[in-house]
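Structure first, commentary second.
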Amino acid sequence: MPDMLVKLYDLPDSRPIMVKMEEQGITIRRAIAPEKHVVLDWIKENFGEGWMSEADVAICNHPSTCVIAVDEAQGKLVGFACYEATNKDFFGPTGVHPEYRGRGIGKALLVAAMEGLRDLGYAYAIIGGAGPTEFYARSVGAIPIPDSVPGIYRGMLKR
């Protein structure tokens with residue numbers, strides 16, 4: 001999976017997707033320290049230890065660089081997105097619970113994270129090891145970075 005590049009100075013307007021989230025009762029916000037254990041347990045259960053480790057770093061950043069999606073009516077976490085976790089200016093990992101996919105939550109998390117990177121002063125962002133490249137291209141205009149496989153994950157230790 002290639003890395004992808006996003007022009008942060010040319011992001012789509014986030015208001016329509018955030019209104020769509022509000023209409024569904026989904027809140028998109030930064031994770032905070034007192035809920036770190038809840039978020040990390042959920043990520044480990046749904047997406048594995050590797051992503052949990054990256055989210056741990058993101059939540060510990062000041063401010064937190066882990067964005068979460070919460071179903072307010074159910075009072076539960078339904079998705080997350082991290083940035084500035086594995087590398088500076090990198091987006092990922094991100095995931096949405098299978099029961100909540102297809103509702104725009106992934107796009108809302110992506111856009112919120114991209115805005116977070118832009119707010120940190122970056123002009124461009126890197127999506128590391130982008131899985132659904134068509135989704136990233138459609139959602140934020142991401143383009144593949146040539147010769148970026150395996151990228152920063154080369155030689156990574158795994159269980």
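None of the figures in this text is laboratory data; all of them are computed from the coordinates on show. Bear in mind that the values here come from a model prediction, so they are computed numbers and not experimental data. Because the Cβ atoms are built from the backbone with ideal geometry, glycine has one as well, and the counts that use them run over all protein chains shown.
Straightening the chain between HIS37 and TYR124 buys 28.2 nm, computed as 0.36 nm per residue apart minus the Cα-Cα spacing.
Can you work out the FRET efficiency for the pair ASP13 and ARG154, with r the C-beta to C-beta distance and R0 = 30 Å, to the nearest 0.05?
Between ASP13 and ARG154 the formula returns 0.25.
Relative contact order, percent, of the stretch 74-159 when contacts are C-alpha pairs under 8 Å separated by at least 6 residues?
Values: 76 pairs, mean separation 20.1, N = 86.
Relative contact order comes out at 23 percent.
Among the GluC sites (Glu not before Pro) within the stretch 68-153, which fall in a DSSP loop and have no more than 14 other Cβ atoms within 10 Å of their own Cβ? For GluC sites (Glu not before Pro) across the stretch 68-153 that sit outside H, G, I, E and B with at most 14 neighbouring Cβ atoms in 10 Å, the list reads GLU72.
What percent does the relative contact order of the chain come to when contacts are Cα pairs within less than 8 Å and at least six residues apart? Write out the running numbers ahead of the final one.
Details: 275 pairs, mean separation 55.7, N = 159.
Answer for the chain is 35 percent.
Of all lysines in the structure, those lying under 21 Å Cα to Cα from LYS158, and not within fewer than 8 positions of it along the same chain, are LYS44.
As a quick test, which of the pairs LYS7/LYS88; LYS36/LYS88; LYS36/LYS107; LYS7/LYS76 have an alpha carbon distance above 27 angstrom in this structure?
Numbers: LYS7/LYS88 16 Å; LYS36/LYS88 21 Å; LYS36/LYS107 23 Å; LYS7/LYS76 32 Å.
From LYS7/LYS88; LYS36/LYS88; LYS36/LYS107; LYS7/LYS76, over 27 Å: LYS7/LYS76.
So for the stretch 12-159, considering every pair of alpha-carbon atoms, how many percent are separated by more than 21 Å?
Numbers: 4421 of 10878 pairs.
Tail of the P(r) past 21 Å holds 41 percent of the pairs.
Only aspartates and glutamates eight or more places from LYS20 in sequence, or on another chain, were considered; those with a Cα closer than 15 Å are ASP71, GLU72. Taking each DSSP H run with n ≥ 4 as -39500 (n - 2.57) and averaging over every residue of the chain yields -10500 deg cm²/dmol at 222 nm.
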